[in-house]
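Beneath this line is the structure, given in structure tokens, with notes to follow.
The values are calculated or read from the model by the stated rules, or taken from the named source; none is laboratory data. No experiment lies behind these values; they were computed from the predicted model shown. Every residue, glycine among them, receives a Cβ derived from its backbone with ideal geometry; neighbour counts consider all protein chains shown.
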């Protein structure tokens with residue numbers, strides 16, 4: 001009898017504990033939905049991995065309903081933009097949908113690359129270059145005198161009608177393809193000059209009607225070795241290039257100094273190959289969740305969130321936005337934060353190298369960029385307790401147009417087609433010798449293509465930086481901000 005009473009009592013206690021847990025969770029959700037998240041501690045508590053994943057899930061559902069893509073100029077992108085605009089309007093922001101036209105590129109069917117002879121014949125994994133023309137050709141393959149094909153003289157004596165096999169490096173893909181076309185090539189295969197896949201673009205200005213695709217370094221070298229044996233290949237591409245209409249989505253806080261605007265942006269579009277849930281549903285979802293959780297905050301400085309269209313077509317949306325600002329409007333923007341691919345499966349915590357302390361690449365960003373880099377370094381060191389590494393302003397993402405007009409810029413990145421080193425694997429885990437994102441620009445860039453720990457850490461980093469600069473930009477432009485957001489301040493709400 002005593003054992004039965006004990007069992008009943010234990011069951012009742014278990015039910016009571018579960019009810020308390022549910023009440024605590026509900027209270028937390030209600031608190032985030034009603035309170036003003038005006039400290040780092042409050043905001044980071046409410047920007048959760050579940051919250052950002054909700055938005056990624058929505059982007060995946062949109063892609064699933066639209067042939068697996070969210071490419072600018074397609075219904076999948078338009079629905080993604082509508083989703084963001086509706087969420088921002090519901091959160092109380094002033095929303096602008098900025099339409100523009102651009103030269104779109106859509107693959108109508110998968111590209112085909114096949115070895116016809118010598119044996120063994122068979123298909124070869126390849127990635128079509130964006131803005132490739134269409135064609136279906138079977139021809140002999142020839143290399144060029146300088147393997148990169150960056151000069152017209154590299155094609156002296158090139159057999160008209162052959163497919164050109166060229167190495168990546170030294171100049172743009174478009175120049176290589178143009179030189180090949182002018183020499184009479186019937187198609188172009190560009191192979192990588194480093195391990196890993198190659199996913200490139202010829203840019204929206206490329207209009208030549210020639211098929212251009214890419215292969216890995218290993219495959220390219222194997223093909224080059226077969227050229228003296230009479231290599232014959234088939235190359236088929238089926239594409240559409242034409243004018244399309246797409247949009248940027250901009251959401252601006254109703255409060256804050258309009259002459260001291262801080263911006264946070266992420267591109268919203270995917271490539272043609274897949275849904276783009278990591279590239280760049282990760283950045284898009286993170287700034288969307290941060291914006292929603294900051295909706296009740298009254299910032300000292302005006303905050304403007306941006307979701308860019310047609311980034312994958314050559315930074316078209318962000319370039320269009322910046323080019324259509326007046327000099328006065330440019331002066332009003334104090335800084336720009338960029339978040340493009342922030343949850344890569346085989347990640348490294350990269351911070352854009354604002355002060356060029358790494359001493360490589362393009363050099364420092366505009367004055368103030370170094371301070372942005374230091375803020376992220378402080379977050380990783382004092383809040384997240386994570387190692388970090390600099391990455392160059394290579395011009396591959398939407399900070400480019402802002403840097404070009406002198407706006408201080410910074411942001412985060414967890415890696416794309418680059419290869420993780422053994423040293424990086426020792427610091428961040430993952431697999432040395434593999435790409436940071438093995439699904440970069442591929443159909444497998446789905447909801448499952450994510451490192452949740454990295455994404456959770458970086459979503460908080462986005463929140464930390466946006467709120468910091470919403471309240472205080474003194475380290476960037478010397479303007480007095482809120483005292484409890486001084487760059488070196490740690491008060492009662494510090495996150496230790």
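Hey, does segment 356-376 have a residue that's farther than 30 Å from residue 483 by Cα, touching a helix residue (DSSP H, G or I) at 6+ places or on another chain (Cβ under 6 Å) and crowded, with 21+ Cβ neighbours inside 10 Å?
Within segment 356-376, the first condition is being farther than 30 Å from residue 483 by Cα, and the residues that meet it are 358-363.
Remaining after also requiring touching a helix residue (DSSP H, G or I) at 6+ places or on another chain (Cβ under 6 Å): none.
No, that holds for no residue.
I'd like the residue in segment 447-491 that is part of a loop (DSSP other than H, G, I, E, B) and under 15 Å from residue 43 (Cβ atoms) and, out of all such residues, is modelled with the highest pLDDT.
In the first step, residues of segment 447-491 are kept if they are part of a loop (DSSP other than H, G, I, E, B); the result is 447-451, 472-473, 478-482, 486-491.
Retained after the next criterion (residues that are under 15 Å from residue 43 (Cβ atoms)): 472, 482, 491.
Working: 472: 97, 482: 91, 491: 42.
Per the criteria, the residue is 472.
For residue 354, the criteria (1) at pLDDT 95 or above; (2) outside any strand (DSSP E or B) hold in every case but one, which is (1).
May I ask you to list the residues in segment 418-427 that are closer than 27 Å to residue 218 by Cα and either surrounded by fewer than 17 Cβ atoms within 10 Å (Cβ to Cβ) or at pLDDT 95 or above (or both)? Residues satisfying the conditions are 419, 420, 421, 422, 423, 424, 425, 426.
Scanning for something over 31 Å from the mean Cα position of the chain (by Cα) and either farther than 17 Å from residue 308 by Cα or in a strand (DSSP E or B) (or both), does segment 62-76 turn up at least one residue? Working first, answer last.
Pass one, segment 62-76, residues over 31 Å from the mean Cα position of the chain (by Cα): none.
No: zero hits.
Pairing each residue of segment 356-374 that is in contact (Cβ under 8 Å) with a residue 12 or more places away in the chain with any residue that is assigned to a helix (DSSP H, G or I) and surrounded by fewer than 18 Cβ atoms within 10 Å (Cβ to Cβ), provided the two are 6+ apart or on different chains, yields C-beta distances under 9 Å for 368/477. In segment 125-137, the count of residues that are more than 22 Å from residue 104 (Cα to Cα) and touching a helix residue (DSSP H, G or I) at 6+ places or on another chain (Cβ under 7 Å) is zero.
Being part of a loop (DSSP other than H, G, I, E, B) and either touching a helix residue (DSSP H, G or I) at 6+ places or on another chain (Cβ under 6 Å) or assigned by TED's automatic domain parsing to the domain that holds residue 317 (or both) is the filter here; which residues of segment 179-194 pass it?
183, 192
Just one of the listed residues (364, 327) is in the same structural domain as residue 309 (by TED's automatic domain parsing), at pLDDT below 95 and out of contact with any strand residue (DSSP E or B) (no Cβ under 9 Å at 6 or more places or on another chain), and it is 364. Please indicate, with yes or no, whether at least one residue in segment 275-297 is under 14 Å from the mean Cα position of the chain (by Cα), assigned to a loop (DSSP other than H, G, I, E, B) and either surrounded by fewer than 21 Cβ atoms within 10 Å (Cβ to Cβ) or modelled with pLDDT under 95 (or both). Within segment 275-297 (the criterion being under 14 Å from the mean Cα position of the chain (by Cα), assigned to a loop (DSSP other than H, G, I, E, B) and either surrounded by fewer than 21 Cβ atoms within 10 Å (Cβ to Cβ) or modelled with pLDDT under 95 (or both)), the answer is no, since none of the residues qualifies.
For residue 494, the conditions (1) loosely packed, with under 14 Cβ neighbours inside 10 Å; (2) at pLDDT 95 or above; (3) in a loop (DSSP other than H, G, I, E, B) all hold with the exception of (2).
Say whether the condition of being under 23 Å from residue 469 (Cβ atoms), in contact with a helix residue (DSSP H, G or I) (Cβ under 6 Å, 6 or more places away or on another chain) and either surrounded by fewer than 18 Cβ atoms within 10 Å (Cβ to Cβ) or modelled with pLDDT under 95 (or both) is met by at least one residue in segment 53-72. Walk me through how you get there before you give the answer.
Let us first name the residues in segment 53-72 that are under 23 Å from residue 469 (Cβ atoms), namely 55.
Those left that are additionally in contact with a helix residue (DSSP H, G or I) (Cβ under 6 Å, 6 or more places away or on another chain): 55.
Keeping just the survivors that are either surrounded by fewer than 18 Cβ atoms within 10 Å (Cβ to Cβ) or modelled with pLDDT under 95 (or both) gives none.
No, there is no match, as no residue in segment 53-72 is under 23 Å from residue 469 (Cβ atoms), in contact with a helix residue (DSSP H, G or I) (Cβ under 6 Å, 6 or more places away or on another chain) and either surrounded by fewer than 18 Cβ atoms within 10 Å (Cβ to Cβ) or modelled with pLDDT under 95 (or both).
Going through (1) surrounded by fewer than 19 Cβ atoms within 10 Å (Cβ to Cβ); (2) at pLDDT 95 or above; (3) under 21 Å from residue 164 (Cβ atoms) one by one, residue 97 falls short only on (3).
Among the residues of segment 174-220, those identified as without any contact (Cβ under 8 Å) to a residue 60 or more places away in the chain, buried (at least 20 other Cβ atoms within 10 Å of the Cβ) and closer than 20 Å to residue 419 by Cβ are 191, 192, 220.
Every condition in (1) touching a helix residue (DSSP H, G or I) at 6+ places or on another chain (Cβ under 9 Å); (2) assigned by TED's automatic domain parsing to the domain that holds residue 382; (3) modelled with pLDDT under 95 holds for residue 31 except the one numbered (2).
Across segment 385-417, what is the number of residues that are in a helix (DSSP H, G or I) and surrounded by fewer than 18 Cβ atoms within 10 Å (Cβ to Cβ)?
Kept after step one, since they are in a helix (DSSP H, G or I), are these residues of segment 385-417: 399-404.
Next, from what is left, pick out any that are surrounded by fewer than 18 Cβ atoms within 10 Å (Cβ to Cβ): 404.
The qualifying residues number 1.
Just one residue in the set 343, 317 is farther than 30 Å from residue 41 by Cβ, touching a helix residue (DSSP H, G or I) at 6+ places or on another chain (Cβ under 7 Å) and crowded, with 20+ Cβ neighbours inside 10 Å; that residue is 317. Scanning segment 112-146 for residues that are assigned to a strand (DSSP E or B) and under 24 Å from the mean Cα position of the chain (by Cα), we see that the one that is nearest to residue 304 (Cα to Cα) is 130.
Could you list all residues from segment 147-166 that are in a strand (DSSP E or B) and either out of contact with any helix residue (DSSP H, G or I) (no Cβ under 7 Å at 6 or more places or on another chain) or without any contact (Cβ under 8 Å) to a residue 24 or more places away in the chain (or both)? Step through it out loud before you land on a result.
Of segment 147-166, the ones in a strand (DSSP E or B) are 163-166.
Of everything in segment 147-166, just one residue is in a strand (DSSP E or B) and either out of contact with any helix residue (DSSP H, G or I) (no Cβ under 7 Å at 6 or more places or on another chain) or without any contact (Cβ under 8 Å) to a residue 24 or more places away in the chain (or both), namely 163.
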